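Novice: The structure is given below, and queries will be raised subsequently.
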Amino acid sequence: MSSIQNDTELRKTCLYDRHVMLQAKMSPFAGFLMPIQYSSITVEHNAVRQHAGVFDVSHMGEIFVEGPEAEAFVNHIFTNEIRGFEPGKVLYGMMCYPDGGVVDDLLVYRESIPGHFLLVVNAANIDKDFAWIREQVRQNPLTGKPFDCRVRNESTEWGQLAVQGPEAEKVVVDVLRLPEAAALGFYTFYDTEYHGKRLVVSRTGYTGEDGFELYTAPEGIVELWDRLMAAGIQPCGLGCRDTLRFEAGLPLYGDELSEDISPVVAGLGMFCKYDKDFIGKEALLAQKAGEVAKKLVGIEIADKAIPRAGYPVETIEGEEVGVVTTGYHSITLDKSICFALVDKDCGALDTPLQVRIRKKVFPGKVVKKRFYQTNYKK
Amino acid sequence: MSKIIEGLKYSESHEWVKVEGSVAVIGVSDFAQKEMGDITYVDLPDVDDEVTAGEEFGALESVKASSDLIAPVSGTVVAVNGDLEDAPEKVNEDAFGSWIIKVEMSDPSELDNLLDAAAYRALIGE
């Protein structure tokens, strides 16, 4: 195993010492030295599917947009529709370039103070996103002037925990003593305080299970983590975060979304609202109308061999038509499955396709990308 | 600390070799299985396949990664451990008890290029 970056250049989250104490296997991810697993990916994955687990996701980025024109600005850079969406709600969507390529996928939180929004972005993209946002805020295409709002990157001032699994509500209420969390619906949040600092409790996640994401200052995150550990909650690394999100059909920026993989190609058009204007809209509409060559699909193969990112996808006749973006032998489903970017005309459900794994080819077929039936709180 | 068995030969790519006459019994070390994590699939060659020292003859897959198996010696595959197809986790449970292939060696002098237990312990730094 090799890594391009030297460990000394990598950033550490506020929980780094806790991970080392737990003897986690640490590895570079998105410029951070992060826990990949504590005991075993399978054990941690199953804990989240069956009970509850906690992830350190303090590497994620927090960008605040505030001001009289904050709503108009966020709606201009975000593919989803935030007008009419109430305070206390969370919305998923993307920021796109004018050509429809994706800057990042993110969550937008509408705060209770009018004109205040929190944008939660991928760790690997914090600097790129903030630069993009600062550039766009300078020019309102309707007025030619800057948008009247401020943008702040507070990523280093916040830590984040994700408590996920069917027992997550019980854990957050009983162990973290946050009884109001039980009343939250999926994709809503509320604000409270923890040791005098703001604590955001959000019913969101990246696992396909019910769960919560908690944002507060680093000292508070460390305390909350310690309480979860004292209660025997399973710590979970980024290894199972990937297997869990993959089974639930959720994209990872860099693999299933990128500057070259648009929301239309990725099958995420439902998060793009075309009855408003946003950067990239014209390009995405053209792609929707047929100007797109590729499609992201799920493929299941009839063997235990594992289709990994980069492996070629072929028709049964052996013609190469695409490439695997993420693949695993699914822990929950006990099947070898993958996401793959393939020629659009090969993308229909049940189309027979094969994956080349080392020297052999393994026949399979196109299946729905949501491999696992998700269990979100309604 | 990883288990290392005296009397076996080891490759720098973490395979072990137990010599039984002209046959080399080949598996992966305890250190290797720990590094890999939960092994979910073993890609085996077929009996009668030729393998060449230093070249890939199969692969181990964990949840997260794929790792090539490198032949420590050259020769002909005379047996493969088919039990591992249904129970790859046996490599995690007992790396030295879970042989992967047996090879009829074409050049037993290649064994001299391998490490003994002490040199292998030094290699993995334990």
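Novice: Consider A:E223 carefully, then state whether it is closer than 30 Å to A:Y372 by Cα and of a type in the set (D, E, K, R).
Specialist: No; evaluated as a whole, the condition is false for this residue.
Novice: Please verify whether A:K145 is over 22 Å from the mean Cα position of the chain (by Cα), modelled with pLDDT of 95 or more and assigned to a helix (DSSP H, G or I), treating the condition exactly as stated.
Specialist: Answer is no for this residue.
Novice: For the stretch A:108-138, which positions are of a type in the set (D, E, K, R), surrounded by fewer than 22 Cβ atoms within 10 Å (Cβ to Cβ) and in contact (Cβ under 8 Å) with a residue 40 or more places away in the chain?
Specialist: Residue satisfying the conditions is A:E111 alone.
Novice: Does A:I299 fit the bill of being assigned to a loop (DSSP other than H, G, I, E, B) and either at pLDDT below 95 or more than 12 Å from chain B (Cβ to nearest Cβ) (or both)?
Specialist: For A:I299, the condition - assigned to a loop (DSSP other than H, G, I, E, B) and either at pLDDT below 95 or more than 12 Å from chain B (Cβ to nearest Cβ) (or both) - is not met.
Novice: Restricting to the stretch A:310-332, and then to whatever is surrounded by 14 or more Cβ atoms within 10 Å (Cβ to Cβ) and not in a strand (DSSP E or B), can you tell me which residue is nearest to the other protein chains (Cβ to nearest Cβ)?
Specialist: For the stretch A:310-332, the residue satisfying everything is A:I331.
Novice: If you don't mind, another one. Within the stretch A:349-378, which residues are within 14 Å of chain B (Cβ to nearest Cβ) and part of a loop (DSSP other than H, G, I, E, B)?
Specialist: Across the stretch A:349-378, the qualifying residues are A:R358, A:K359.
Novice: May I pose another question? Hey, could you check the stretch A:295-314 for residues that are aliphatic (A, V, I, L, M) and over 23 Å from A:G269 (Cα atoms) and say which is farthest from the chain's Cα centre (by Cα)?
Specialist: A:A302
Novice: Further, regarding this structure: Could you please find all residues in the stretch A:27-41 being within 14 Å of chain B (Cβ to nearest Cβ) and crowded, with 20+ Cβ neighbours inside 10 Å?
Specialist: A:M34, A:P35, A:I36, A:Q37, A:Y38, A:I41
Novice: Output yes when any residue across the stretch B:95-108 is of a type in the set (D, E, K, R), surrounded by fewer than 17 Cβ atoms within 10 Å (Cβ to Cβ), at negative phi and at pLDDT below 95, and no when none is.
Specialist: Checking the stretch B:95-108: not a single residue is of a type in the set (D, E, K, R), surrounded by fewer than 17 Cβ atoms within 10 Å (Cβ to Cβ), at negative phi and at pLDDT below 95.
Novice: Turning to a different aspect of this structure: Out of the residues in the stretch A:228-243 that are farther than 17 Å from A:Y16 by Cα and within 14 Å of the chain's Cα centre (by Cα), state the one that is farthest from the other protein chains (Cβ to nearest Cβ).
Specialist: Filtering first and then ranking leaves A:R241.
Novice: Enumerate the helices (runs of 4 or more DSSP H) found wholly within the stretch A:191-293, keeping only those where 3 or more residues are among the acidic types (D, E).
Specialist: A:218-230
Novice: Name the single residue that is nearest to the other protein chains (Cβ to nearest Cβ) among those in the stretch B:30-69 being closer than 20 Å to B:D86 by Cβ and surrounded by fewer than 15 Cβ atoms within 10 Å (Cβ to Cβ).
Specialist: Among residues in the stretch B:30-69 that are closer than 20 Å to B:D86 by Cβ and surrounded by fewer than 15 Cβ atoms within 10 Å (Cβ to Cβ), the one nearest to the other protein chains (Cβ to nearest Cβ) is B:D46.
Table: residues versus (1) assigned by TED's automatic domain parsing to the domain that holds A:G185; (2) of a type in the set (A, V, I, L, M, F, W, C); (3) touching a helix residue (DSSP H, G or I) at 6+ places or on another chain (Cβ under 8 Å).
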site	(1), (2), (3)
A:E86	no, no, no
A:C96	no, yes, yes
A:G100	no, no, yes
A:L106	no, yes, yes
A:Y109	no, no, no
A:F117	no, yes, yes
A:I126	no, yes, yes
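Novice: Restricting attention to the stretch A:281-294, does a residue exist that is within 25 Å of A:T243 (Cα to Cα) and either in contact (Cβ under 8 Å) with a residue 40 or more places away in the chain or in the same structural domain as A:Y97 (by TED's automatic domain parsing) (or both)?
Specialist: Yes - at least one qualifying residue is present in the stretch A:281-294.
Novice: Also, quick follow-up: Name every residue in the stretch B:66-119 that is within 14 Å of the chain's Cα centre (by Cα) and charged (D, E, K, R), in order of residue number.
Specialist: Listed by number, the residues that qualify are B:D68, B:K90, B:D94, B:K102.
Novice: Looking only at the stretch B:84-104, filter to residues that are in contact (Cβ under 8 Å) with a residue 12 or more places away in the chain and over 19 Å from B:H14 (Cα atoms); which one of those is nearest to the other protein chains (Cβ to nearest Cβ)?
Specialist: Out of the qualifying residues, it is B:E85.
Novice: Let me ask you something else. Restricting to the stretch B:37-67, what's the tally of residues that are on the phi < 0 side of the Ramachandran plot and free of Cβ contacts under 8 Å to residues at least 40 places away in the same chain?
Specialist: Of the residues in that region, 17 qualify.
Novice: Somewhere in the stretch A:268-276, is a residue touching a residue at least 40 places away in the same chain (Cβ under 8 Å), surrounded by fewer than 18 Cβ atoms within 10 Å (Cβ to Cβ), farther than 30 Å from A:I126 by Cβ and touching an Asp or Glu at 6+ places or on another chain (Cβ under 7 Å)?
Specialist: no
Novice: Any chance the stretch A:133-142 includes a residue that's under 30 Å from A:F278 (Cβ atoms) and part of a strand (DSSP E or B)?
Specialist: No, because not a single residue in the stretch A:133-142 is under 30 Å from A:F278 (Cβ atoms) and part of a strand (DSSP E or B).
The values are calculated or read from the model by the stated rules, or taken from the named source; none is laboratory data. Not measured: the values here are computed from a predicted model. Positions of Cβ are backbone-derived with ideal geometry, glycine not excepted, and every protein chain shown enters the neighbour counts.
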